[in-house]
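One structure below.
Quick note: the coordinates plus some simple rules give every number you see, no bench work behind them. None of the values given here were measured: they were computed from a predicted structure. No Cβ is skipped: glycine too gets one built from the backbone with ideal geometry, and neighbour counts run over all protein chains shown.
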Amino acid sequence: MDFQVKVLLLSFAITVIASMIIIPILKRLKVRQMERADGPKSHLVKQGTPTMGGIIIMISVVLTSICGFLYYYNKEIDVAIKILPLVFIALGFGTVGLVDDFKKVVLKDTKGLKPAYKMIGLLIVSVVYVLYITQVLKIGTQTYIPFFDIYIDLPIWIYIPFAIFVILATTNAVNLTDGVDGLAASVTAIIMTFLTVVSILFDIKEVTVFGSVVVGACLGFLVFNLHTAKVMMGDTGSLLLRRSYSRNCIIF
């Protein structure tokens, strides 16, 4: 428990420091929020706010996860190895969001990446992730159903498409929540705190570490994202974060 608290605080500190460095850079590069003309008129006041702040969360998640990996590498190498796919899928989805943001703020296309292309990118990352944890890490297909307090073993040919479906089905969770200053990061922090506590109870150390990392990153980002927001996370952040709790549910 003590280590998870340290990881959370480290993630928080890295996010705050990175924000102080990156936000001025985003302003200088004029990487600014562009509101859709068909959106709520109240959101037009956000026009010009630096966006792509998800890069900050991405940096914090990667750096802090590396610390978690190194901590467990000489103690419990199996835990260290299981942290890697969590980082991979976060970076994978974050990268898809980064491409989407690039089209919006650099190429000035408010529609961003075409939905079909975005879904293909998400699908590729999801398939690689699920195949890796099932075929390489051999985590098994045992699935816990909390409402009935039972475990069931799904056939692998059912589990793999089921896991991919669960990941993709939550694609717009954070994206739909994002839009009001501080909302997406605060909601995600609460959800990830719950999942981290559950992982502690089930002694799933890699999820505990990664969950603590994400919570710390969200809290650090909120320092600059609460009303009036100094930076928006964009799809870079929202895609990264929505993978955080959907993939953790898969591991549970």
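I want to check the label-to-label distance for residue 152 and residue 202. Put each point 7 Å from Cα in the C-beta direction and report it in nm to one decimal. Taking the simple label geometry, residue 152 and residue 202 are separated by 1.6 nm. Any aspartates and glutamates with Cα under 14 Å of the residue 30 Cα? List them, leaving off those in the same chain fewer than 8 positions away. Straight-distance partners of residue 30: 101.
Here residue 136 and residue 190 are evaluated by their C-beta separation; at R0 = 35 Å the FRET efficiency comes out at 0.60. Applying a threshold of 28 Å to the alpha-carbon distances of 111/230; 111/205; 114/138; 104/205 flags 111/205; 114/138; 104/205 as lying beyond it. A Förster distance of 45 Å, applied to the separation of the beta-carbon atoms of residue 180 and residue 73, puts the FRET efficiency at 0.65. Counted by Cβ distance under 13 Å from residue 68, the other residues give a net charge of +2, where Lys and Arg count +1 and Asp and Glu count -1.
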